[in-house]
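FYI, it's all coordinate maths here, none of it is from the lab. Bear in mind that the values here come from a model prediction, so they are computed numbers and not experimental data. Cβ sites come from the backbone with ideal geometry, for glycine too, and all protein chains shown count toward neighbours.
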Amino acid sequence: MIHAFHAFPRGFLWGTATSSHQVEGDNRRNDWWQWEHQEGRILEGQRSAKACDWWGGRWEEDLTRAADAGQNAHRFSIEWSRLEPEPGKWDASALEAYRGMLQGARQRGLTPIVTLHHFTNPVWLMEQGGWLSEATPGYFAGFVRRAVAGLQDLVDVWITINEPNVYAYAAYSAGAFPPGERDLRKALAVMQAMILAHAMAYHTIHEIQPQAQVGLAHNIREMQALHAWHPIERFLASLRSRIFNQVIPMAVHDGRVRLPGRTVRIPEAQRTQDYFGLNYYASESVAFDLRARGELYGRSVYPPGSDVSPTGFIANTPGGFWRSLTWARRFGLPILITENGVEDAEDHFRPRYLAGHLRQLWRAVNFNWDVRGYLHWSLVDNFEWERGWTQRFGLWELDPQTQARRKRPSADFYAEICKANGLSSEMVERYAPEAVDRLFPRRGPGEIAFEPPN
Ligand code: FCB
């Protein structure tokens, strides 16, 4: 029997992604720690507590797992509130701890990719107005200067800010992240502040480390009208998609922030990406809903019949990944997949999600598109923000009480992919048999049905 093999380019980065607050534990000086201690903020009243105990040293065993499983990269984040616990006061021991982690990654053959802002903020920053304060981009650039000066010998690839669109929306419009504001106008102002903060960070990093690769992790969520015939839904889907998906990538390309009804110029943001970092989880449909006023009268849904994850959070829509890659490609930059994954404690869904998405990524590299790597979210179950521990994204399962880890089948599946530098139909037969007919359809002896061109 002949097997299909989807080969990836030599030197392709295969890894996983984590963020400081979600894995370290004991991040007592950031806004999330406070938020978790308020009633009703986190599902089932859960808290990050020790998380995966990386601050206690368990990053060592987890990175060893990653390296043994054939990975060659890891995306971390640096916690601002540890490095600068009070304004202008720098904690040298925290910097040393991060140096230890980064050296540990490199010793294991994992290329570190480091995020400087991943949803959390020092408490002192929030007390001074958070991302609505004009001083914040400058404070951020000051933190970035310290962090990069102290770590530059260990890091070549930086991500300034993780998903500024998600952060601005969740913290200032949906009220799900601290500070829990519910005002779309504030969210738009925060997006603007983050574009400026990114631009300042970009220039700061290049001043210190001219050869660094600097980008953002953009969350791209394809949005379509739930009913293609519905003109209002079509309008809403395109409006929301423009605001959510396009404003930031376009602003860091040409320095123009295209807000609804007006364009703001931030000239220093022009050409401030060396690569396009893409986080992709799912495509969604937009339903017209008069009750959803704060959401511009649109509600996000997965159409009936979608293949959705166990908690209904993510739909398996790899076609949207392909179209997001196609869109990202217009900027003419190398692309790095900075996150992709799914919550699935039982690991029944993840294998076919992984296979389907890697197949679309392979289409891209097969057309010689400059995709440099893929970072799966996540290495080990971790604290999933307002959804606490109810969603499990890890290749390894974690019991946060005992800190015991257990490998899920997807960890082996992914290890085979990383080690082979590609995905084969035979692997899919073993790990996601239900997806074989869709991914590698065979009709009758010798007759192969090809996917229609996209
Ligand atoms: C992304 C976040 C990441 C994690 C995944 C599931 O939006 O960047 O921290 O929560 O979703």
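Cβ-to-Cβ counts within 10 Å put Glu127, Glu284 in ascending order as Glu127, Glu284, the fewest first. For region 336-375, the square roots of the Cα gyration tensor eigenvalues, ordered a ≥ b ≥ c, give a/c of at least 1.5 with a/b no greater than b/c, which places it in the oblate category. Dipole orientation for region 381-421: of the candidates Thr390, Thr402, Tyr414, Tyr414 has the Cα lying most toward the positive pole (charges on Cβ; Lys, Arg +1; Asp, Glu -1).
Subtracting the Cα-Cα distance from 0.36 nm times the residue separation, let me have the gained length for Arg185 to Asp26 in nm, one decimal. Intermediate values should be presented prior to the final figure.
Working: separation 159, 0.36 × 159 = 57.24 nm, distance 3.31 nm.
Value of the extension gain: 53.9 nm.
Mean residue ellipticity at 222 nm from the helices of the chain, using -39,500 (n - 2.57) per DSSP H segment of n ≥ 4 over the full residue count, to the nearest 500 deg cm²/dmol? If you can, show how the numbers build up before the last one.
Values: 16 runs with 165 residues, N = 454.
Computed ellipticity for the chain at 222 nm equals -11000 deg cm²/dmol.
Remark: spin-label model distance Asp153-Arg438 equals 5.0 nm, labels positioned 7 Å along the Cα→Cβ axis. Legend: P(r) of region 3-93 from all alpha carbon pair distances, 5 Å bins from 0, whole percents, reading 3, 11, 16, 18, 15, 12, 10, 6, 4, 2, 1, 0. Placing pseudo-labels 7 Å out from each Cα toward the beta carbon at Arg329 and Arg242 gives an inter-label distance of 2.5 nm.
Output the peptides 97-108, 73-84 sorted from most to least packed, where packing is the average of other Cβ atoms within 10 Å over each peptide's residues. Let's see the in-between values first.
On the way: 97-108: 17.4, 73-84: 25.3.
Top of the packing list down: 73-84, 97-108.
Take every pair of alpha-carbon atoms less than 8 Å apart whose residues are at least six positions apart; their mean separation over the length of the chain yields a relative contact order of 18 percent. Taking a ≥ b ≥ c as the square roots of the eigenvalues of the alpha-carbon gyration tensor, region 219-343 is classed oblate because a/c is 1.5 or more while a/b is no larger than b/c.
Under the classification rounded if a/c is under 1.5, otherwise prolate if a/b is larger than b/c and oblate if not, where does region 38-163 fall, given a ≥ b ≥ c as square roots of the Cα gyration tensor eigenvalues?
Taking the square roots of the gyration eigenvalues as a ≥ b ≥ c, region 38-163 is oblate.
Largest first and in whole Å, give the semi-axes of region 354-434's equivalent ellipsoid, each being the square root of 5 times a Cα gyration tensor eigenvalue. Could the numbers behind the result be given before it?
Numbers: eigenvalues 148, 48, 23 Å².
Semi-axis lengths for region 354-434 are 27, 16, 11 Å.
Highest mean first, what order results for 338-344, 269-275, 109-115 on Cβ atoms within 10 Å? Before the final figure, lay out each step's value.
Details: 338-344: 24.7, 269-275: 19.6, 109-115: 21.3.
Most protected by this proxy first, the peptides run 338-344, 109-115, 269-275.
For the chain, the convex hull spanned by the alpha carbon atoms encloses 142 Å³ per residue. So for region 117-234, considering every pair of alpha-carbon atoms, how many percent are separated by more than 18 Å? Beyond 18 Å sits 56 percent of the P(r) for region 117-234.
If you build the convex hull over the alpha carbons only and average its shadow over all orientations, what do you get for region 261-313? Give it in nm² to one decimal. Intermediate values should be presented prior to the final figure.
Details: hull surface 27.2 nm².
For region 261-313, averaging the hull's shadow over all directions gives 6.8 nm².
Sorting the Cα pairs of region 286-432 by distance into bins of 5 Å, from 0 upward, gives 2, 8, 16, 18, 18, 16, 12, 6, 3, 1, 0 percent per bin. Under a plain spin-label model, where a point goes 7 Å from the Cα along Cα-to-Cβ, how far apart in nm are Glu96 and Arg145? About 2.5 nm, to one decimal. Evaluated with a Cβ-only charge set (Lys, Arg +1; Asp, Glu -1), region 282-421 carries a dipole of roughly 460 debye about its Cα centre, given to the nearest 20.
Taking the Cα centre of the chain as origin, work out the dipole magnitude from +1 charges on Lys and Arg Cβ and -1 charges on Asp and Glu Cβ, in debye rounded to 20. Don't skip to the end; give the middle numbers.
Details: 50 positive and 52 negative charges, 235 e Å.
So the dipole magnitude of the chain works out to roughly 1120 debye.
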